[in-house]
Amino acid sequence: MASTGIGPTGERRHYAADQIFFSTTDKRGVIVTVNSTFVALSRYGKDQLVSAPHSVIRHPRMPSGLFHIMWERLRAGKSMMGYIENLAKDGADYLTFSTVAPLSEGFISVRSAVTRPDLWEPVSRAYAQTRTLENQWRRDGVSKVDTASWGAQDLAARFAALGFPTYDDVMRTLGPAEVDQRRRLAPVQPPHTMPGEMLHEVVRAIGAVDRELDRLRARYEDATALAAALHTAHAEFTATVTGLESAAAATADATASVASEAPAAANTAQAALRLAVSTRDDLSPLAPLLADVRATVLDLRASLALSVLHNDMAMAFAREVASGSSDGDPLATVVLLGETVSASVRQGQELIQRVREELGQVVTAIGAARAALQAFQRMLTNWRLVVVRSGVSHKLGALVDPIDTRLSVGLTEMKDFDDLARRCVTLGLTLESETLLDAADRLVIAARRL
């Protein structure tokens, strides 16, 4: 049963993809602000919602472990995204894609209809399995606090089995997928305003933010593709360098058998082997660096999706104000939503800067790998000359072919890496967000002038 004593009737309340709604709470989760769509879906009056704990709409099917994860993130200053079933006052449930972000005095939650049932279904099964365990723990006398903590651990394991090693990975997938699909189904329409009207400059500013977000989102698609290409190239190049090291080791072993008649060839072969090992070691920093780049790019993608949702909420509320259907203090709420958009955009700016820095580090690491491979190529050429001068070509010549083959592949892959490095440089230059920041600032200024 929900904390209000209201039992679910089993009725599912459906609503349109363009019905975005929000609420704000203080740091304890007590509701401060709601909009008309939230009131309509929940079937509570505005006065019943304001000053009530947000758990008033909590559905008993929801695992407490999810809310444990949410509060841990929020207390750490992080945003939250996920699927949440809510329970209305009349016992009907309504499903939401929910986001929660910190505000200076609390939190803002922006919600929309679920548009990706293919993602919701496996998540809902994980919820149900964890909730079954939680119910059993409670019957066994486990405290609410421990049940929520254990539920969070169980839910994390189930997400990992679905391919989401961390909750960040859940958000990296759900956020962009839901925002993009909702916008395809129901693009948010601005209200019609005329110059000189109260909302005109605010609506124009929201539109400018939207255009800049679209420009940056195109770049994050490029960044996602580049991160995947770098990962694939690194895996292939690592395999080649490992093979090169194996071939060099075989050559060094064989050359050792003629060390007495060709000591220079044996020494050079050993030097080539050491250089092959060094080349592999020079390449090793790329692996964690590329993993970091991929994670940061996906975090940026999710962050920009959240900014889009916040901006769409601002536009949807402007429509409410223009139509006269808004609740509470509309002007103060317009300011609040404008400031939310600005804060969201600035969080994305921090990730953009991190992506640019990490792409620069990738370029440097690729340069080091290239230099190591070229040094090995020079060493191999020198070894060939020493073998010929030492008169043991007939014994060692066949060993050169495998090294030649591996080296040729490595040099070809290095050219691909160089192309990727150039793409890194280009992308770093195009990930510019000053115009987006300016647009967000203009939105706040326009809102405060109302």
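Which one is surrounded by the fewest Cβ atoms within 10 Å (Cβ to Cβ) among residues in segment 262-273 that are more than 48 Å from the chain's Cα centre (by Cα) and modelled with pLDDT of 80 or more?
Selected residue: PRO263.
Taking the stated definitions as given, is ARG111 surrounded by 20 or more Cβ atoms within 10 Å (Cβ to Cβ), within 28 Å of THR25 (Cα to Cα) and over 21 Å from the mean Cα position of the chain (by Cα)? Lay out the reasoning, then the answer.
Details: surrounded by 20 or more Cβ atoms within 10 Å (Cβ to Cβ): yes; within 28 Å of THR25 (Cα to Cα): yes; over 21 Å from the mean Cα position of the chain (by Cα): no.
Considered against the rule, which asks whether it is surrounded by 20 or more Cβ atoms within 10 Å (Cβ to Cβ), within 28 Å of THR25 (Cα to Cα) and over 21 Å from the mean Cα position of the chain (by Cα), ARG111 comes out as no.
May I ask you to list pairs of residues, at least six apart or on different chains, whose Cβ atoms are under 8 Å apart, with the first in segment 20-47 being part of a loop (DSSP other than H, G, I, E, B) and the second being hydroxyl-bearing (Ser, Thr, Tyr)?
ILE20/THR37; ILE20/SER112; GLY29/SER55; ASN35/SER23; ASN35/SER326; ASN35/THR333
How about segment 134-148: which of its residues are hydrophobic (A, V, I, L, M, F, W, C) and assigned to a helix (DSSP H, G or I)?
Residues of segment 134-148 that are hydrophobic (A, V, I, L, M, F, W, C), as a first pass: 137, 142, 145, 148.
If the condition is that a residue be hydrophobic (A, V, I, L, M, F, W, C) and assigned to a helix (DSSP H, G or I), then TRP137, VAL145, ALA148 are the ones that fit.
Among the residues of segment 242-261, count how many are surrounded by fewer than 18 Cβ atoms within 10 Å (Cβ to Cβ) and either part of a loop (DSSP other than H, G, I, E, B) or touching a strand residue (DSSP E or B) at 6+ places or on another chain (Cβ under 9 Å) (or both).
Looking only at that region, the number is 4.
List pairs: first in segment 228-255 and outside the structural domain of VAL362 (by TED's automatic domain parsing), second of a type in the set (A, V, I, L, M), Cβ under 8 Å, 6+ apart or cross-chain?
Listed pairs, sorted by first residue: none to list.
Taking segment 51-80 only, how many residues are crowded, with 22+ Cβ neighbours inside 10 Å and either of a type in the set (Phe, Trp, Tyr) or over 19 Å from ARG131 (Cα atoms) (or both)?
Of the residues in that region, 1 qualify.
Within segment 272-317, can you find the residues that are among the polar types (S, T, N, Q) and closer than 30 Å to GLU212 by Cα?
First pass over segment 272-317, keeping only residues among the polar types (S, T, N, Q): 278-279, 284, 296, 303, 307, 311.
Hits for segment 272-317 are THR296, SER303, SER307, ASN311.
Which condition breaks for ARG116 when tested against (1) crowded, with 21+ Cβ neighbours inside 10 Å; (2) touching an Asp or Glu at 6+ places or on another chain (Cβ under 6 Å)?
For ARG116, the failing item is (1).
Only one of these is farther than 30 Å from LEU216 by Cβ, at pLDDT below 75 and assigned by TED's automatic domain parsing to the domain that holds ALA291: GLY397, GLY391, GLY410. Name it.
Details: GLY391 fails: at pLDDT below 75; GLY410 fails: at pLDDT below 75.
On inspection, the qualifying residue turns out to be GLY397.
Output yes when any residue across segment 74-83 is touching a residue at least 60 places away in the same chain (Cβ under 8 Å), more than 25 Å from THR166 (Cα to Cα) and part of a loop (DSSP other than H, G, I, E, B), and no when none is. Talk me through it step by step, then tell me what you get.
First, the residues of segment 74-83 that are touching a residue at least 60 places away in the same chain (Cβ under 8 Å): 79-83.
With more than 25 Å from THR166 (Cα to Cα) added as a condition, the list becomes none.
Looking for residues that are touching a residue at least 60 places away in the same chain (Cβ under 8 Å), more than 25 Å from THR166 (Cα to Cα) and part of a loop (DSSP other than H, G, I, E, B), one finds none in segment 74-83, hence no.
Quick one: how many residues across segment 324-364 are of a type in the set (Lys, Arg) and modelled with pLDDT of 90 or more?
2
Residues are listed down the side, and each one gets a yes or a no for (1) among the hydroxyl-bearing types (Ser, Thr, Tyr); (2) within 22 Å of the chain's Cα centre (by Cα); (3) part of a helix (DSSP H, G or I):
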site	(1), (2), (3)
ALA305	no, yes, yes
LEU309	no, yes, yes
ASP327	no, no, no
VAL334	no, no, yes
LEU337	no, no, yes
THR340	yes, yes, yes
GLU357	no, yes, yes
THR381	yes, no, yes
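Taking segment 357-391, which residues are touching a residue at least 60 places away in the same chain (Cβ under 8 Å) and out of contact with any Asp or Glu (no Cβ under 9 Å at 6 or more places or on another chain)?
LEU359, GLY360, VAL362, VAL363, ALA375, PHE376, MET379, ASN382, TRP383, VAL386, VAL387, ARG389
Among the listed residues ARG158, ARG131, identify the single one that is under 28 Å from LEU298 (Cα atoms) and in a helix (DSSP H, G or I).
Details: ARG131 fails: under 28 Å from LEU298 (Cα atoms).
One residue alone meets the criteria, ARG158.
What's the number of the only condition in (1) touching a Leu at 6+ places or on another chain (Cβ under 9 Å); (2) closer than 22 Å to GLU178 by Cα; (3) crowded, with 24+ Cβ neighbours inside 10 Å that LEU351 fails to meet?
(3)
Mind checking whether some residue in segment 181-190 is touching a helix residue (DSSP H, G or I) at 6+ places or on another chain (Cβ under 6 Å) and in a loop (DSSP other than H, G, I, E, B)? Talk me through it step by step, then tell me what you get.
Let us first name the residues in segment 181-190 that are touching a helix residue (DSSP H, G or I) at 6+ places or on another chain (Cβ under 6 Å), namely 188, 190.
From what is left, the residues that are in a loop (DSSP other than H, G, I, E, B) are 188, 190.
Looking for residues that are touching a helix residue (DSSP H, G or I) at 6+ places or on another chain (Cβ under 6 Å) and in a loop (DSSP other than H, G, I, E, B), one finds at least one in segment 181-190, hence yes.
So is THR232 out of contact with any Asp or Glu (no Cβ under 7 Å at 6 or more places or on another chain), assigned to a helix (DSSP H, G or I) and surrounded by fewer than 16 Cβ atoms within 10 Å (Cβ to Cβ) or not?
Details: out of contact with any Asp or Glu (no Cβ under 7 Å at 6 or more places or on another chain): yes; assigned to a helix (DSSP H, G or I): yes; surrounded by fewer than 16 Cβ atoms within 10 Å (Cβ to Cβ): yes.
Considered against the rule, which asks whether it is out of contact with any Asp or Glu (no Cβ under 7 Å at 6 or more places or on another chain), assigned to a helix (DSSP H, G or I) and surrounded by fewer than 16 Cβ atoms within 10 Å (Cβ to Cβ), THR232 comes out as yes.
Scan THR238, THR193 and give me the residue that is at pLDDT 85 or above and of a type in the set (Ser, Thr, Tyr). Before you say what the answer is, go through the steps one by one.
On the way: THR238 fails: at pLDDT 85 or above.
Unique residue meeting the criteria: THR193.
Could you tell me which of the residues ARG211, ARG184, ARG215 is in the same structural domain as ASP438 (by TED's automatic domain parsing), farther than 19 Å from VAL355 by Cα and not hydrophobic (A, V, I, L, M, F, W, C)?
On the way: ARG184 fails: in the same structural domain as ASP438 (by TED's automatic domain parsing); ARG215 fails: farther than 19 Å from VAL355 by Cα.
Exactly one of ARG211, ARG184, ARG215 is in the same structural domain as ASP438 (by TED's automatic domain parsing), farther than 19 Å from VAL355 by Cα and not hydrophobic (A, V, I, L, M, F, W, C), namely ARG211.
State yes or no: is SER36 modelled with pLDDT under 95 and not acidic (Asp, Glu)?
Taking the combined requirement at face value, the residue satisfies it.
The values are calculated or read from the model by the stated rules, or taken from the named source; none is laboratory data. Since we're looking at a predicted model, the values are computed, not measured. For neighbour counting, all protein chains shown are included, and Cβ atoms are generated from backbone atoms with ideal geometry for every residue, glycine included.
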